[in-house]
Amino acid sequence: MRLAERTKHDGGTPATASAAPSAAAAVVPPRKRRSVNREGLEAGRRSTRTLLWILLAAAMVLYGFPFLYLLFTSFKTPIDTIAVPPTILPREWTLENYVNALGRSGVPASFINSIQTAIISTVLSLVLAVPAAYGITRYKTLSGRIFIMAALVTRMVPPVAIGIPLASMMGSVGLADTPIALSIAHTTISLPLSIWLMSSFFEAVPKDLEEAATVDGCSRLGALWRVVIPVVSGGIAVTAIFAFLASWNEFLFALLMTAIRSQTTPVVIANFQTQFGLDWGSMTALAAVYSIPVILLTLLLQRKIVAGMTLGAVKG
């Protein structure tokens, strides 16, 4: 009673009464706390997503700018191609470079040689890499491990170290200056990488699929052809793209092993010279046209490539 009267006399409130509201105000309801956490997580995700988009845009600009500059240069006049300082966009747009490049003697034949060589090399790489990779991943022997390591080591050998002996060997068997000889040489470049890629794709295929096929009466070869290869078709497409690109863009072997009949387009582009120096306009025009088949091939096999890149990402 005295405490109450004293509190009332002083015009204040009891200590317990004043502490209760402050304690209640300090306690955050669970729902509000969850909403705050969700807002924080969403803000973090948005900032991370924005940063990733910025990095992706920067990478695309850095990667795509050289090709765009090449494409713009192919539409420049001869004076603009050697202007100092250089300009990105042409001052005057022209198709003269494309007419000169495609009308030069030897250019159509070089395109045919490049296509033949790349197709033959890609087929040889797949025919040899698929059974090799399948045997390595399924039998897991010591010799198989040594073989795949040896394939990796051969990929590290500089091409010039085997280019000259290969050119001499092809000349001794009568295959000098032919697409067949160049295709075999290109296969030595793409085969080790093809074996490594196909090995990773075969590793992602469960063995239960082959066992079920053998129960149904398939042999080991039948299970590979009817079950495993359809599953890894995306991986085969990815391997084919890499093998095709390795042959399509190769220059050193084509320079060493071809003369006139089987020259590929990269060698022809390097020979675009005039009395005043390199013909940059014609070179860039032919290089732009030479890029079209690879772009079309990538677009046609886009779904297979995506399926191959995601093969084995989810197991179980």
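The values are calculated or read from the model by the stated rules, or taken from the named source; none is laboratory data. Given the structure is predicted, the values throughout are model-derived calculations rather than measurements. Here Cβ is always computed from backbone atoms with ideal geometry, including for glycine, and neighbour counts include all displayed protein chains. SASA here: full protein model, heavy atoms, side chains in, ligands and nucleic acids out. Shrake-Rupley method; radii C 1.70, N 1.55, O 1.52, S 1.80 Å.
For the subset of segment 268-282 comprising residues that are at pLDDT 85 or above and not in a loop (DSSP other than H, G, I, E, B), which member is surrounded by the fewest Cβ atoms within 10 Å (Cβ to Cβ)? It comes out as Ala270.
Across segment 70-80, what is the total count of residues that are assigned to a helix (DSSP H, G or I) and either modelled with pLDDT under 85 or open to solvent by 30 Å² or more (accessible area, probe 1.4 Å) (or both)? Explain how you work it out, then say what you get.
Taking segment 70-80 as the starting set, the residues that turn out to be assigned to a helix (DSSP H, G or I) are 70-73, 78-80.
Checking the rest, the ones that are also either modelled with pLDDT under 85 or open to solvent by 30 Å² or more (accessible area, probe 1.4 Å) (or both) come to 70-72, 78-79.
Number satisfying all stated conditions: 5.
For the residues Thr87, Thr94, Thr154, the requirement of being farther than 29 Å from Ile184 by Cβ, in contact (Cβ under 8 Å) with a residue 12 or more places away in the chain and open to solvent by 20 Å² or more (accessible area, probe 1.4 Å) singles out Thr94. None of Thr87, Thr122, Thr94 is modelled with pLDDT under 90 and among the polar types (S, T, N, Q) except Thr87. Checking the structure you have, find out if any residue of segment 226-235 is more than 30 Å from the chain's Cα centre (by Cα) and in a loop (DSSP other than H, G, I, E, B). There is no residue in segment 226-235 that is more than 30 Å from the chain's Cα centre (by Cα) and in a loop (DSSP other than H, G, I, E, B). Looking across segment 189-208, the residues that are hydrophobic (A, V, I, L, M, F, W, C), open to solvent by less than 10 Å² (accessible area, probe 1.4 Å) and assigned to a helix (DSSP H, G or I) come down to Ile195, Met198, Phe202. For segment 117-129, taking the residues that are open to solvent by less than 20 Å² (accessible area, probe 1.4 Å) and among the hydrophobic types (A, V, I, L, M, F, W, C), the one that is farthest from Lys207 (Cα to Cα) is identified as Ala118. Of the candidates Thr265, Thr258, Thr239, the single residue that is crowded, with 20+ Cβ neighbours inside 10 Å, over 22 Å from Ala109 (Cβ atoms), in contact (Cβ under 8 Å) with a residue 60 or more places away in the chain and of a type in the set (Val, Ile, Thr) is Thr239. Contact map, segment 219-231: first residue within 15 Å of Ser199 (Cβ to Cβ), second residue open to solvent by less than 60 Å² (accessible area, probe 1.4 Å) and of a type in the set (Asp, Glu), Cβ cut-off under 6 Å, separation 6 or more or different chains; the map is empty.
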